[in-house]
Amino acid sequence: MKYTESEVLQFVRQEDVKFIRLAFCDIFGEQKNVAILPSELESAFKYGVAFDASAIRGFGGEVRSDLFLKPDPATLSAVPWRSDNGRVVRMFCDICYPDDSIFEGDSRHILRRAIAEAEKRGLHFYFGAEMEFYLFTLDENGVSTGMPHDRAGYMDIAPDDRGENVRRDICQTLSLMGIHPECSHHEEGPGQNEIDIRYSEPLSAADNAVTFKSVVKTISARNGLCADFSPKPLKDEPGSGLHINVSVTSDDGKDCLEHMIAGIMEKIDGITLFLNPCRASYERLGSKKAPGYVSWSRENRSQLIRIPAARNGKERAELRSPDPCANPYIAFALLIYAGLYGIENELPLSESADFNLFSAPCEVLKKYKTLPASFDEAADRMRSAGFASLYLPEELIKAYCEA
């Protein structure tokens, strides 16, 4: 349900809400929040709530450091792990300057702009996230030991899979927050887990992805565990990916999927830095089902993009290179722009690579372009491509390059 301001005010009064969390993200997608009392909510809707932006990564220095959070009532959700006796709710916020103009580093706004550009062309994108993470035990001080919670493998069951109860609690919590997990299972790595979220329109899909990480970390901690979303926490084990499923529909009924895929493949050099934003990201790519080449195929998990089997006639593309360190708002925005490029220019899709790229001979692989092999190479390719600079503010790009 999407609430209006008046409905939120009514909900807060009727449901014994004691605290309202105003949530937002830094430019790297890390969730932040400030809590207000119900008595401050009307003022927050009208004027916003001030905060010190200089203390947030990528939001600038001490000059012009005052920014305001304006809650989006459509994103109201209860925080299920808080007591019902004095409930806590959360809303995502837009970020503005004191004169009410939009802060250009607000990644939610960046995604909103991309959605508007697509809709002007009669195109509608949908995203679903498959996010992997590791569960590690904690020491007596509550710090991660780096030791996996179990030694189970892909889709194993209890008692080998010791994450079963934690995943169940996570899925139940997500459901209470209006987020629909499609499935959950143990992944290939020891202590590695995956939960897939049902697709939705881009802004709610990005909000859901940010909420997902918060819920996983919270529920894991309540079970005495540390949830680790880094791309390569264990050197000799599979890395964790953020597989992004994306589809597109057109008002005129045209099938745009192949043009969209071609656009993403064409522009992947210009956006990989934002899909894989840390140095450890490049330790994952190119091994253990993480792609290393710019290629596509159907039902083939060695590719950058695969088209999964679909029994309902609704095909989608699965981009397999991103990892959970990506800011979903920026990632989805850039994928929309890349997809639009392919659709508008009617780019033809290259020949599919219907073989296993991890075991293919060198003479076959040399025909394919590689993904960046390091963070520095990704930053260089991004600058050379010039694609991201068309849509992202320079200060944000600079912060990513220096991260």
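The values are calculated or read from the model by the stated rules, or taken from the named source; none is laboratory data. Keep in mind that what you see is a predicted model, and the values were worked out from it rather than measured. Note that each Cβ is placed from the backbone with ideal geometry, even for glycine, and that neighbours are counted across all protein chains shown. Ligands, DNA and RNA are stripped out before the accessible areas are found, and what is left, the full protein with its side chains, is counted by its heavy atoms. Shrake-Rupley method; radii C 1.70, N 1.55, O 1.52, S 1.80 Å.
Quick look at the numbers
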{"item": "Residue-by-residue Karplus 3J(HN,Hα) for the range 217-234, coefficients 6.51, -1.76, 1.60, Hz, glycine and proline x", "result": "5, 5, 5, 4, 4, 5, 9, x, 10, 10, 8, 10, 9, 5, x, 8, x, 10"}
{"item": "Per principal axis, descending, Cα span of the range 58-201 in whole Å", "result": "57, 44, 35"}
{"item": "For the range 244-403, with +1 on Lys and Arg beta carbons and -1 on Asp and Glu, the positive-most of A399, A388, A317 along the dipole", "result": "A317"}
{"item": "Residue (of T370, P291, G86) at the positive-pole extreme of the chain, dipole from beta-carbon charges", "result": "P291"}
{"item": "Hz values of 3J(HN,Hα) by residue in the range 350-363 - Karplus curve (6.51, -1.76, 1.60), Gly and Pro given as x", "result": "5, 4, 6, 9, 8, 7, 7, 5, 6, 10, 6, x, 4, 5"}
{"item": "Selection of trypsin sites (Lys or Arg not before Pro), the range 188-284, meeting DSSP coil and at most 16 other Cβ within 10 Å", "result": "R198, K235, K254, R279"}
{"item": "Loop GluC sites (Glu not before Pro), the range 109-185, which have at most 16 other Cβ atoms in a 10 Å radius of their Cβ (DSSP)", "result": "E140"}
{"item": "Relative contact order (%) - the range 198-321, alpha-carbon pairs under 8 angstrom, separation at least six", "result": "23"}
{"item": "Interchain or long-range residues, amide H under 5 Å from G286's placed H", "result": "G292"}
{"item": "Semi-axis lengths (Å, descending) of the ellipsoid that matches the C-alpha gyration tensor of the range 109-149", "result": "43, 12, 5"}
{"item": "Dipole magnitude (debye, nearest 20) for the range 261-387, charges at Cβ of Lys, Arg, Asp, Glu", "result": "380"}
{"item": "Surrounding net charge for E30, when Lys and Arg each add one and Asp and Glu each subtract one, Cβ distance under 12 Å", "result": "+3"}
{"item": "Alpha-carbon Rg/Rh ratio, for the chain, with Rh computed the Kirkwood way", "result": "0.96"}
{"item": "The chain: relative contact order in percent, alpha carbon pairs under 8 Å with at least 6 residues between", "result": "16"}
{"item": "Fraction of antiparallel bridges per DSSP, the chain only, in percent to nearest 5", "result": "85"}
{"item": "Accessible surface, the range 345-403, averaged per residue in Å² (probe 1.4 Å)", "result": "60"}
{"item": "Stretchable slack from S384 to D160, in nm (0.36 nm times residue separation minus alpha-carbon distance)", "result": "75.8 nm"}
{"item": "Net charge dipole size for the chain [Lys, Arg +1 and Asp, Glu -1 on Cβ; Debye, nearest 20]", "result": "240"}
